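To start, the structure under review is shown below, and the notes come after it.
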Amino acid sequence: MRLTRLGEGRPAVLIPGNELPAAFYASFGKQLEARGIGLHALTLPGYEGTPPLAEPSWAGMVEAATPVVRDTLGDDGVLIGHSLGGLLGLVLAAEISPKRLALMEPAIIPWGFLASISAWIYQRSAVDDDHSEVKLQGPGFLRVANAEAYPQAMIEAVRHSRMSTDLGTARGLVQSSPALYPLPYAAVRCPTLLVRGEASGPYIAAGIWRLNRLLPDATRVDIPDAGHWLMNEADAPIAEAIAAWASPSATA
């Protein structure tokens, strides 16, 4: 496991999307730093060339991440999860009760009975595919809003990260994700920001809709001209939304 500092300020820990490297969030980190938040990107075991767990599982990831996240956040930090990292972020928040939780395009199935079907589709299309290829369209969602304008350097960074990911870890997490349901919505007591890219599509939107209904203290924001990846398309408006929501005056 590795923690990469991407900015200075009030601490925030980001759990990346599946196979997305820390460098993918560098621009976002700069935008948060300009607003007083210091972002740390967490690289989970088995990703970006880090040693995998002996038996990859969600319970193992939570156990490995808990002390690192808790120590980095302190009493006033923000836990951020993106895509599959949003699913882990929700489960982790139920365990450690962070001050605040932000879920960006979380890969959460709105109804648990669909989780097995969704996991099978995702594994076939995004885990068992050619890892030298980076697809900008996923099963039921668009990863970016404007493929022609998306930074080629970031696509190459994702490709390199995919090639260095332990496939046993990626498969293990996707295959075991249905066992997480029903999710611990009621145990997440902290204020939660739900961030959706308007161009992402209905798949993620349905999960965010359900989160907004079931989480005790949820706020939703939709980001125009952004897909599922969000980063490197709308870093500034997302950082502004998180900073405004997380500011002390917002809780006054």
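The values are calculated or read from the model by the stated rules, or taken from the named source; none is laboratory data. Only a predicted model underlies this, so the values are computations on that prediction, with no experimental measurement involved. No Cβ is skipped: glycine too gets one built from the backbone with ideal geometry, and neighbour counts run over all protein chains shown.
Here are some notes:
- None of ILE37, ILE109 is within 30 Å of PRO224 (Cα to Cα), at pLDDT below 90 and either surrounded by fewer than 19 Cβ atoms within 10 Å (Cβ to Cβ) or among the β-branched types (Val, Ile, Thr) (or both) except ILE109.
- Just one residue in the set GLY227, GLY207 is out of contact with any Cys (no Cβ under 6 Å at 6 or more places or on another chain), of a type outside the set (Lys, Arg), more than 25 Å from ALA26 (Cα to Cα) and buried (at least 20 other Cβ atoms within 10 Å of the Cβ); that residue is GLY207.
- Only one of the listed residues (GLU33, GLU55) is of a type in the set (Asp, Glu) and over 18 Å from TRP245 (Cα atoms). That residue is GLU55.
- Residue check for THR72: touching a helix residue (DSSP H, G or I) at 6+ places or on another chain (Cβ under 7 Å), surrounded by fewer than 20 Cβ atoms within 10 Å (Cβ to Cβ) and not small (Gly, Ala, Ser): no
- Residue list for region 186-204, restricted to those being out of contact with any Leu (no Cβ under 8 Å at 6 or more places or on another chain), surrounded by 17 or more Cβ atoms within 10 Å (Cβ to Cβ) and at pLDDT 95 or above: ARG196
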